[in-house]
Amino acid sequence: MFRPRVARSFLPAYALAVAGTVLKVYQWYHSRPLWVDEQMVLLNARDRAFSELAGSLWFDQAAPLGWLAIQRVVITAFGTSDRAMRAVPVLFGIATLWAGCWMARRWMTPFSAAVFIAICGIGQWITFYALEAKPYSADAFWALFLPALAIWAAGPADQDRVSLERTAI
């Protein structure tokens with residue numbers, strides 16, 4: 001018989017994560033046009049080959065190489081529409097919400113988990129930068145996810161021992 005592992009006490013946190021996801025998708029769909037600073041970064045991703053993304057960027061811009069490479073793939077596959085250009089930051093914003101859910105479920109009380117997810121879902125700057133064609137939402141995701149993954153991997157898989165598989169992750 002299938003038993004859901006989600007404790008009822010954490011349902012408000014998950015409901016907030018779903019609401020935050022819907023809100024980000026709605027804001028992404030109805031977002032304003034790209035502004036100049038976004039366009040200057042994206043010109044580098046659009047007009048340069050993958051090998052040229054590692055050097056200094058035009059217009060004194062800076063962005064992580066991985067983010068530029070992902071944006072280049074999106075441009076190649078989906079074109080240069082405003083929604084396509086902002087899809088990667090929105091996906092990282094949504095991933096931040098769900099990484100926060102994973103962390104909250106493991107290490108927080110139900111109330112603090114709900115507050116944490118609400119902050120990740122509607123916080124001013126975390127929401128603003130998830131809707132900009134800039135790498136900041138990816139930075140927020142990795143800054144949240146990597147330490148949580150390290151703590152999870154270093155912890156015991158059961159009550160007695162540390163799992164080598166988890167540590168390898």
Taking every Cα atom in region 16-100, find the radius of gyration and the maximum pairwise distance Dmax, and write them in Å.
-> 13.8, 41
From largest to smallest, what semi-axes in whole angstrom does region 63-154 give when each is the square root of 5 times an eigenvalue of its alpha carbon gyration tensor?
-> 27, 15, 9
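In what order, largest first, do Ser51, Ser9 sit by accessible area if the probe radius is 1.4 Å? Could you put the intermediate results ahead of the total?
Details: Ser51 100, Ser9 60 Å².
Ranking Ser51, Ser9 by accessible area, largest first, yields Ser51, Ser9.
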Within the chain, helix-based [θ] at 222 nm, where runs of 4 or more DSSP H residues each add -39,500 (n - 2.57), nearest 500 = -22000 deg cm²/dmol
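Considering only protein heavy atoms and a 1.4 Å probe, what is the carbon-and-sulfur percentage of the accessible area of the chain?
Details: 6820 of 10120 Å².
About 67 percent, which is the carbon plus sulfur part of the accessible surface.
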Short to long, in 10 Å steps from zero, the percent of alpha-carbon pairs of region 43-93 per bin is 26, 57, 17
Grab the other residues whose beta carbon is less than 15 angstrom from that of Arg83, score K and R as +1, D and E as -1, and report the net.
-> 0
Over the chain, how many percent of alpha carbon pairs lie in each 10 Å bin up to the one with the longest distance?
-> 10, 31, 30, 20, 8, 1
Accessible area per residue of the chain at 1.4 Å probe, in Å²?
-> 60
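The values are calculated or read from the model by the stated rules, or taken from the named source; none is laboratory data. Note that the structure is a prediction, hence the values are computed from the model and not measured. Reconstructed Cβ throughout: ideal geometry from the backbone, glycine too, with neighbour counts over all protein chains shown. Accessible surface is based on the protein model in full, side chains and every heavy atom, while ligands, DNA and RNA are left aside. Shrake-Rupley method; radii C 1.70, N 1.55, O 1.52, S 1.80 Å.
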